[in-house]
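Report on one structure; see the data block that follows.
Any read-out appearing in this document is the output of simple, stated calculations on the displayed coordinates, not a laboratory observation. Predicted model, so just to flag it, every value in this text is computed and none were measured. A quick note on method: Cβ atoms are made from the backbone with ideal geometry, for glycine too, and the neighbour counts reach across all protein chains shown.
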Amino acid sequence: MDHDPNILYQELQAEINKKIHGFTNCQAFTSACGRAMERHLTLLEKYKRMTTQWLNGLNIPTKDEFAVISVRTVNLIETVDSMDDAVYSTNTAHHHASSQLREVRYSWEELRSILKVEVKDMKLNNLQTLQAELNELKLLFQIEDKGE
């Protein structure tokens with residue numbers, strides 16, 4: 001009763017571990033485990049082939065086909081996201097260009113109205129200048145007619 005039950009348990013565990021280590025730490029055990037693992041893998045390959053054949057016969061996709069579809073789906077989602085970003089950027093650029101075009105049109109209309117006034121003034125001034133020159137010519141001819 002003086003002994004701690006945990007110490008007794010730990011000693012028992014250490015003793016069992018030594019026995020297990022003694023049985024498993026040999027070439028025969030390692031070879032047997034290797035053969036068992038190879039048989040297990042061979043059996044898994046057979047099950048996978050049979051399952052694939054069964055699924056193909058029922059026209060049901062296999063796990064590998066689902067993986068391919070998943071990868072394609074992710075790639076397509078990335079492509080759609082990229083296109084969405086490009087459309088957004090293009091839309092933003094279009095709105096910016098449209099606002100600049102409106103500003104240019106507004107400026108052009110202002111300039112056009114100013115130029116219309118200028119052209120009208122120039123025509124009026126030209127007409128007045130021509131009229132003045134004609135009047136001067138008339139006076140000149142009148143003076144010459146009187147002098148003759």
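Principal axes first, then extents: for the Cα atoms of region 42-94, list largest minus smallest coordinate on each axis, whole Å, largest first.
62, 22, 5
In nm, give the distance between the simple-model label positions of Lys18 and Arg49, each being 7 Å from the Cα along the Cα-to-Cβ direction.
A separation of 4.9 nm, rounded to one decimal place.
Would you kindly work out the equivalent ellipsoid of region 99-148 from its C-alpha gyration tensor and give its semi-axes, the square roots of five times the eigenvalues, largest first in whole Å? List each step's numbers first, then the result.
Numbers: eigenvalues 443, 4, 3 Å².
One finds semi-axes of 47, 5, 4 Å for region 99-148.
What residue among His94, His21, His40 has the largest mean-square fluctuation in a Gaussian network model of the chain, using Cα springs under 10 Å?
It is His21.
Sorted from largest down, what three extents in whole angstroms do the Cα atoms of region 8-85 have along their principal axes?
Answer, in whole Å and largest first: 68, 38, 22 Å.
State to the nearest 20 debye the size of the charge dipole of the chain about its Cα centre, where the only charges are +1 on K and R beta carbons and -1 on D and E beta carbons.
On the way: 17 positive and 22 negative charges, 231 e Å.
That gives a dipole near 1120 debye.
Please check which bits of region 68-86 a label hung off Ala97 would reach, taking the label as a point 7 Å along Cα-to-C-beta and the cut-off as backbone N under 20 Å.
Answer for region 68-86: 83-86.
Along the Cα→Cβ direction, 7 angstrom out, place labels at Val119 and Lys63. What is the inter-label distance in nm?
Result for the modelled spin labels: 8.1 nm.
Given only helices, namely DSSP H runs of n ≥ 4 each adding -39500 (n - 2.57), what is the per-residue ellipticity at 222 nm of the chain, to the nearest 500 deg cm²/dmol? Intermediate results must be reported in sequence, preceding the final value.
On the way: 3 runs with 136 residues, N = 148.
That comes out to -34000 deg cm²/dmol.
State the Cα centre-to-centre distance between region 32-59 and region 81-148 in whole Å.
Region 32-59 and region 81-148 have Cα centres spaced 88 Å from each other.
Considering only the other residues whose Cβ falls under 15 Å of the Cβ of Cys26, what net charge follows from Lys and Arg at +1 and Asp and Glu at -1? Show your work: numbers first, answer last.
On the way: positive: Lys18, Lys19, Arg35; negative: none.
Residues near Cys26 contribute +3 overall.
Which parts of region 27-62 would a label at Arg72 reach, counting a residue when its backbone N lies under 17 Å from a point 7 Å out along Cα-to-Cβ?
Correct set: 56, 59-62.
Give me Rg over Rh for the chain, both radii from the alpha carbons and Rh done the Kirkwood way, two decimal places.
On the way: Rg = 51.1 Å, Rh = 28.3 Å.
Rounded to two decimals, Rg/Rh equals 1.81.
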